[in-house]
1. Under 8 Å by Cβ, and 6 or more places apart or on different chains, what pairs join a residue from segment B:88-113 that is within 7 Å of chain A (Cβ to nearest Cβ) and open to solvent by 30 Å² or more (accessible area, probe 1.4 Å) with one that is among the small types (Gly, Ala, Ser) and assigned to a loop (DSSP other than H, G, I, E, B)?
2. Select from segment B:45-64 the residues that are away from chain A (no Cβ under 14 Å) and crowded, with 20+ Cβ neighbours inside 10 Å and list them in ascending order.
3. Out of all the residues in segment B:25-44, which are surrounded by fewer than 16 Cβ atoms within 10 Å (Cβ to Cβ) and part of a strand (DSSP E or B)?
4. If you scan segment A:82-112, which residues turn out to be open to solvent by 20 Å² or more (accessible area, probe 1.4 Å), touching a residue at least 24 places away in the same chain (Cβ under 8 Å), more than 10 Å from chain B (Cβ to nearest Cβ) and in a loop (DSSP other than H, G, I, E, B)?
5. When A:Ala49 is evaluated against the numbered criteria (1) at pLDDT below 95; (2) open to solvent by 80 Å² or more (accessible area, probe 1.4 Å); (3) aliphatic (A, V, I, L, M), which criterion, by number, is the only one it fails?
6. Of the residues B:Leu76, B:Leu82, which is closer than 20 Å to B:Glu8 by Cβ, open to solvent by 10 Å² or more (accessible area, probe 1.4 Å) and away from chain A (no Cβ under 14 Å)?
7. Which one of the conditions (1) touching an Asp or Glu at 6+ places or on another chain (Cβ under 7 Å); (2) open to solvent by 50 Å² or more (accessible area, probe 1.4 Å) does A:Leu19 fail to meet, given that it meets all the rest?
8. All but one of (1) without any contact (Cβ under 8 Å) to a residue 12 or more places away in the chain; (2) within 11 Å of the chain's Cα centre (by Cα) hold for A:Ser42; which doesn't?
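The values are calculated or read from the model by the stated rules, or taken from the named source; none is laboratory data. Remember, predicted model here, so these are calculated numbers, not experimental data. Cβ placement follows ideal geometry from the backbone for every residue including glycine, while neighbour counts extend to all protein chains displayed. Just so you know, the surface numbers come from the protein's heavy atoms only, side chains and all, with ligands and any DNA or RNA stripped out. Shrake-Rupley method; radii C 1.70, N 1.55, O 1.52, S 1.80 Å.
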Amino acid sequence: SAVISQKPSRDICQRGTSLTIQCQVDSQVTMMFWYRQQPGQSLTLIATANQGSEATYESGFVIDKFPISRPNLTFSTLTVSNMSPEDSSIYLCSVTVQETQYFGPGTRLLVL
Amino acid sequence: AQSVAQPEDQVNVAEGNPLTVKCTYSVSGNPYLFWYVQYPNRGLQFLLKYITGDNLVKGSYGFEAEFNKSQTSFHLKKPSALVSDSALYFCAASPVGASKIIFGSGTRLSIRP
C-alpha cells in the first residue's frame, strides 16, 4: 500500500489567485495522478505526472491552468491558476502500487 | 468507450441485513476491478480488488465482491450491514497494462439503525 499526505487540507481563496497543492508519498512511485471531485460525485482525472517528464493532461485540462511539478519520486504539486468559483472542488492525488491506486485525503478548495 | 456503471445512486439497508452494491463494466480484455469507499470529508479508501483467480474476493471491513465474467459484473456484498458502513462507494476498472483507472458514478450506501 501507500500512505499519501496532501497540503493544505482545505482552503478558501479569492478569484484570480492561485493555489499550489502538495502531495507527498511514503515510497517511491513512478506515476502520480491528480483528480478533481465535486462533493458526492465521481472522480475526474486531471493529469498523470511522471518524474522527469511533462505531465500528461486529460481532455478539458490544460497546463496553463493546472501546472504540475514532479521533482522526485515521492512528491508532486498541482497549481490551480487564476481561480474562479467553478474551480471549487476537492482535489485528490493518487499513486499506483502493485496494480492498485491509493489516494490522498484530498484538498477542499472553495473559491469566492 | 470503456465504462463502469453503478446503476443505483443510493442503496438503503437496515442494520444487520445483507447488502449488495451493484457494478457492471464495459472494459476490453480482462480488467482489474476495484471497490473504494469514501467517508464524509475523507479521501478514497481501497476496499478490495480482483485480478484473477477465485471469483469471490474478500476485502476490508468484512466486505467481499463477486466477479461474474459472463455478466461483466463485480457486485460488492456484506452479510451483515453496520451503521458505520454508511458512505459513498465507487467501483472502478483498469484495463490490463493501462495506468488509468475508470470509475463508476458512485453509490451512496445508507444503513439505518
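1. Cβ pairs passing all conditions: B:Ser105/A:Ser42.
2. Going residue by residue through segment B:45-64, those that are away from chain A (no Cβ under 14 Å) are B:54-56, B:58, B:61-64.
Once the filter is applied, which keeps residues that are away from chain A (no Cβ under 14 Å) and crowded, with 20+ Cβ neighbours inside 10 Å, segment B:45-64 yields only B:Phe63.
3. So the first thing to find is which residues in segment B:25-44 are surrounded by fewer than 16 Cβ atoms within 10 Å (Cβ to Cβ), and the list is B:26, B:28-30, B:39-42.
Selection gives B:Ser26 alone.
4. Listed by number, the residues that qualify are A:Asn82, A:Ser84, A:Leu112.
5. Of everything listed in (1) at pLDDT below 95; (2) open to solvent by 80 Å² or more (accessible area, probe 1.4 Å); (3) aliphatic (A, V, I, L, M), A:Ala49 misses just condition (2).
6. Values: B:Leu76 fails: open to solvent by 10 Å² or more (accessible area, probe 1.4 Å).
Being closer than 20 Å to B:Glu8 by Cβ, open to solvent by 10 Å² or more (accessible area, probe 1.4 Å) and away from chain A (no Cβ under 14 Å) holds for just one of B:Leu76, B:Leu82, which is B:Leu82.
7. Result: A:Leu19 fails condition (2) only.
8. All conditions are met except number (2).
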